[in-house]
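Worksheet: one structure, shown below.
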Amino acid sequence: MLILAKTVLGIMLGFILSIIVGLVLIPFLKKHNIGQFTTDTINERHVKKQGTPTIGGLIFIIPTIISVLVLFFKGSLELNHNLIITLIVFVAYGLIGFLDDYLKIRRKNNSGLSIKVKFILELIIAITFYVIYKYNGGLTDLTISLFGLKIQLGYLFGLFILFLLVGTTNAVNITDGLDGLCGGLSAVAFLAYGVISWGSYWITGYQEIAIFCFILTGAILGFLVFNTHPAKVFMGDTGSLALGGALATVAILTRHELSLAIIGGVFVIETLSSMIQIIAIKKFKKRVFLRAPLHHHFEQLGWSETDIVKMFWIIGFMLGMLGIIYGVWL
């Protein structure tokens with residue numbers, strides 16, 4: 001019952017604080033014309049969204065940090081090395097996204113941070129992650145529990161961290177294309193990893209990681225109050241990069257990296273659809289999808305935005321539940 005109470009407390013705390021932050025932040029963003037700029041002239045729906053406030057990721061980033069600090073100073077949560085790693089990655093990726101959004105708004109185009117600068121910053125985060133993790137005795141093997149396999153990576157584990165961080169942040173970022181789509185899928189993903197974290201009792205700070213996931217789940221749900229169709233605010237790269245970084249970090253720290261492919265299955269499918277489209281156009285001069293990523297393909301087929309989001313949410317929820325079964329049971 002105590003676990004259930006902590007779970008509910010985390011979700012409610014994140015949700016309530018995010019509502020408060022949203023009610024303050026959105027009018028501020030509107031007043032200072034901090035809005036979305038789009039070059040998409042093909043889809044009329046997206047043209048109409050131009051000017052909608054962005055950098056809304058702060059609506060769930062700020063409450064999550066505040067909630068963790070409040071629980072820490074209250075003595076309800078320990079600040080161990082795994083939680084520190086999670087917070088560092090979460091905030092650091094949020095800052096990268098914030099800089100990217102800021103440059104796009106200032107230049108009034110989609111030209112933010114260069115790929116080179118982004119990679120350097122992501123490399124620094126991955127190195128910081130690896131150093132703190134290894135210094136505190138973190139294991140460097142990849143475990144496939146279903147087959148009882150352990151693949152020792154050694155120093156290559158650092159590259160694995162970088163790969164997973166970069167891959168997940170880009171996948172979440174690509175999925176952030178429709179009102180409520182990325183937020184809903186992320187809420188399900190963190191809820192699933194919260195459950196998995198509670199069961200990972202052999203990991204240092206497993207309870208703190210679980211509570212972080214539930215707080216963030218609640219904060220994202222609060223964000224969705226403002227982000228579902230028609231969206232009053234977008235999370236921007238500030239939000240999507242922070243979510244992707246935190247998701248990959250929790251997967252690594254709980255030793256459930258492969259569960260990420262199931263729990264984040266929709267993110268994976270969206271990314272693969274973009275890759276397939278790029279390869280098909282460059283190599284064969286043909287399109288596999290009407291537009292990529294996949295959610296835009298359904299838009300071109302004439303589906304309503306809300307129907308696409310609902311379908312993806314349902315698929316994401318089912319995959320999240322399968323991820324819990326695999327991560328906790330199998």
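Scan the stretch 79-122 residue by residue and report those that are touching a Lys or Arg at 6+ places or on another chain (Cβ under 8 Å) and either among the hydrophobic types (A, V, I, L, M, F, W, C) or in a helix (DSSP H, G or I) (or both).
If the condition is that a residue be touching a Lys or Arg at 6+ places or on another chain (Cβ under 8 Å) and either among the hydrophobic types (A, V, I, L, M, F, W, C) or in a helix (DSSP H, G or I) (or both), then Ile96, Asp100 are the ones that fit.
Go through the stretch 93-108 residue by residue and tally those that are touching a Gly at 6+ places or on another chain (Cβ under 7 Å) and either basic (Lys, Arg) or within 30 Å of Tyr206 (Cβ to Cβ) (or both).
So the count comes out to 4.
Just to be sure before I move on: is Phe214 assigned to a loop (DSSP other than H, G, I, E, B), modelled with pLDDT of 95 or more and touching a Lys or Arg at 6+ places or on another chain (Cβ under 9 Å) in the structure I sent?
In short, no.
With (1) crowded, with 20+ Cβ neighbours inside 10 Å; (2) among the β-branched types (Val, Ile, Thr); (3) assigned to a helix (DSSP H, G or I) as the list, and Ile55 as the residue in question, which single condition is left unmet?
Unmet condition: (3).
Would you call Gly236 under 28 Å from Ser200 (Cβ atoms) and either buried (at least 21 other Cβ atoms within 10 Å of the Cβ) or free of Cβ contacts under 8 Å to residues at least 12 places away in the same chain (or both)?
no
Among the charged types (D, E, K, R), touching a Ser or Thr at 6+ places or on another chain (Cβ under 7 Å) and surrounded by fewer than 13 Cβ atoms within 10 Å (Cβ to Cβ): is that true of Lys108 in this structure?
no
If only one of Gly154, Gly177, Gly138 is of a type outside the set (Ser, Thr, Tyr), outside any helix (DSSP H, G or I) and at positive phi, which one is it?
On inspection, the qualifying residue turns out to be Gly154.
Six or more apart or on different chains, Cβ under 6 Å: which pairs go from a residue in the stretch 13-39 that's modelled with pLDDT of 95 or more and small (Gly, Ala, Ser) to one that's assigned to a loop (DSSP other than H, G, I, E, B) and loosely packed, with under 13 Cβ neighbours inside 10 Å? Could you list them?
From residues that are modelled with pLDDT of 95 or more and small (Gly, Ala, Ser), there are no pairs.
The values are calculated or read from the model by the stated rules, or taken from the named source; none is laboratory data. All of these numbers come straight from a predicted model, not from anything done at the bench. A quick note on method: Cβ atoms are made from the backbone with ideal geometry, for glycine too, and the neighbour counts reach across all protein chains shown.
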